Amino acid sequence: MEGSACSHIRGADLCRVYKKAGYHGLFITDHFYYGNTAVPRTLPWDEWVHRFCLGYHNAREAGRKLGLDVFFGWESSYYGIDFLIYGLDETWLLAHPQVVDWSVEEQFYEIDRAGGLVVQAHPFREAPYLPRVQLYPDYVHAIEGINTGNAQAVFNRRAVAFARQHQLPITGGSDTHDKHLSGGGMLFFSPIRGGQDFVRAMRERRKALILKAETL
């Protein structure tokens with residue numbers, strides 16, 4: 001709730017739900033500047049970033065007490081087209097206010113140069129708030145093949161097929177917005193110790209199981 005206007009749970013409470021469900025860790029990827037952010041865009045950049053990261057910090061502190069790893073990311077939006085960014089941090093955001101005005105192409109090149117990872121989120125999702133399906137295989141490192149927040153399984157099947165067609169790594173996510181988990185995520189055969197570790201795992205195409213909701 002601290003960072004995303006469409007969320008119904010605070011970062012610390014989210015951690016308790018995931019810990020109870022048996023997860024070892026999670027990424028907080030709130031809606032970024034031009035997405036459904038809960039942080040007023042009228043704020044100065046430094047204050048906006050600090051407010052945006054508050055949910056992550058609250059979740060990380062709760063995770064530390066619970067024994068749950070919590071990592072930082074964000075979900076950037078381009079007229080309804082969403083990208084998950086991994087491997088960079090609050091300090092990087094503070095030093096790059098221009099990030100909000102990058103094109104899809106610029107975002108990829110700059111995030112790549114900084115050592116981060118760009119993943120197109122739920123690329124085939126159909127919903128009233130999404131104007132159309134747009135695909136960017138040349139400007140992402142991976143595709144979110146399984147999103148257990150999708151309303152129909154066919155959206156995931158299309159995403160997996162698209163990733164395979166373009167020989168891109170596949171990620172899995174839960175798209176959690178409240179206390180009701182939809183399942184989902186990734187199960188690696190060795191622990192993920194941080195955002196950069198996840199980036200390396202995806203770039204090296206380490207084996208991982210993509211978790212699905214039972215309904216899919």
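The values are calculated or read from the model by the stated rules, or taken from the named source; none is laboratory data. Predicted, not measured: the structure shown is a model, and the values here were computed from it. Cβ: placed from backbone, ideal geometry, glycine included. Neighbour counts: every protein chain shown.
Please go through the stretch 153-198 and pick out each residue that is within 25 Å of residue 139 (Cα to Cα), among the charged types (D, E, K, R) and more than 17 Å from the chain's Cα centre (by Cα).
Correct list: 157, 158, 164.
Can you pull out every residue in the stretch 6-45 that is touching a His at 6+ places or on another chain (Cβ under 7 Å) and either surrounded by fewer than 20 Cβ atoms within 10 Å (Cβ to Cβ) or on the phi > 0 side of the Ramachandran plot (or both)?
Within the stretch 6-45, the first condition is being touching a His at 6+ places or on another chain (Cβ under 7 Å), and the residues that meet it are 6-8, 37.
Listed by number, the residues that qualify are 6, 7, 8.
Here are some residues: 141, 122. Which one is of a type outside the set (A, V, I, L, M), at positive phi and under 16 Å from the mean Cα position of the chain (by Cα)? Reasoning before the result, please.
Working: 141 fails: at positive phi.
Testing whether each residue is of a type outside the set (A, V, I, L, M), at positive phi and under 16 Å from the mean Cα position of the chain (by Cα) leaves just 122.
Scan (1) without any contact (Cβ under 8 Å) to a residue 60 or more places away in the chain; (2) within 20 Å of residue 172 (Cα to Cα); (3) buried (at least 19 other Cβ atoms within 10 Å of the Cβ) for the single condition residue 48 breaks and write down its number.
For residue 48, the exception is condition (2).
Taking the stretch 119-143, which residues are part of a loop (DSSP other than H, G, I, E, B), among the hydroxyl-bearing types (Ser, Thr, Tyr) and at pLDDT 95 or above? Quick ask: steps written out before the conclusion?
Residues of the stretch 119-143 that are part of a loop (DSSP other than H, G, I, E, B), as a first pass: 121-136, 140-141.
Still in the list and also among the hydroxyl-bearing types (Ser, Thr, Tyr): 129, 136.
Selection gives 136 alone.
The rows are residues; the columns are (1) out of contact with any Asp or Glu (no Cβ under 9 Å at 6 or more places or on another chain); (2) in contact (Cβ under 8 Å) with a residue 24 or more places away in the chain.
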position	(1), (2)
142	yes, yes
148	no, yes
171	no, yes
192	no, yes
201	yes, no
211	yes, yes
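Answer with yes or no whether residue 68 is under 26 Å from residue 211 (Cβ atoms) and in contact with a Lys or Arg (Cβ under 6 Å, 6 or more places away or on another chain).
Numbers: under 26 Å from residue 211 (Cβ atoms): yes; in contact with a Lys or Arg (Cβ under 6 Å, 6 or more places away or on another chain): yes.
The answer is yes for residue 68.
Is it the case, given these coordinates, that residue 25 is more than 16 Å from residue 110 (Cβ to Cβ) and touching a residue at least 60 places away in the same chain (Cβ under 8 Å)? Spell out how you get there, then give the answer.
On the way: more than 16 Å from residue 110 (Cβ to Cβ): yes; touching a residue at least 60 places away in the same chain (Cβ under 8 Å): yes.
When the stated conditions are applied, residue 25 passes them.
Out of the residues in the stretch 49-76 meeting the condition of being hydrophobic (A, V, I, L, M, F, W, C) and over 9 Å from residue 15 (Cβ atoms), tell me which one is nearest to the chain's Cα centre (by Cα).
Step one: filter the stretch 49-76 for residues hydrophobic (A, V, I, L, M, F, W, C), giving 49, 52-54, 59, 62, 66, 68, 70-72, 74.
Applying the additional criterion that residues be over 9 Å from residue 15 (Cβ atoms) yields 49, 52-54, 71-72, 74.
Values: 49: 17, 52: 14, 53: 14, 54: 16, 71: 10, 72: 9, 74: 6 Å.
Only one residue tops the list, namely 74.
What single numbered condition from (1) crowded, with 22+ Cβ neighbours inside 10 Å; (2) in contact with a Leu (Cβ under 9 Å, 6 or more places away or on another chain); (3) of a type outside the set (Asp, Glu) fails to hold for residue 81?
Condition not satisfied by residue 81: (1).
Kindly state which strands (runs of 3 or more DSSP E) lie completely within the stretch 5-118 and contain at least 2 residues that are among the aliphatic types (A, V, I, L, M) and at pLDDT 95 or above. Give the steps one after another, and end with the answer.
On the way: elements: 25-31, 69-78, 81-86.
Where strands (runs of 3 or more DSSP E) fall fully within the stretch 5-118 and carry at least 2 residues being among the aliphatic types (A, V, I, L, M) and at pLDDT 95 or above, they are 25-31, 81-86.
Please go through the stretch 147-197 and pick out each residue that is of a type in the set (Phe, Trp, Tyr) and buried (at least 17 other Cβ atoms within 10 Å of the Cβ). Full working, then the answer.
Going through the stretch 147-197, the residues of a type in the set (Phe, Trp, Tyr) turn out to be 155, 162, 188-189.
Correct list: 155, 162.
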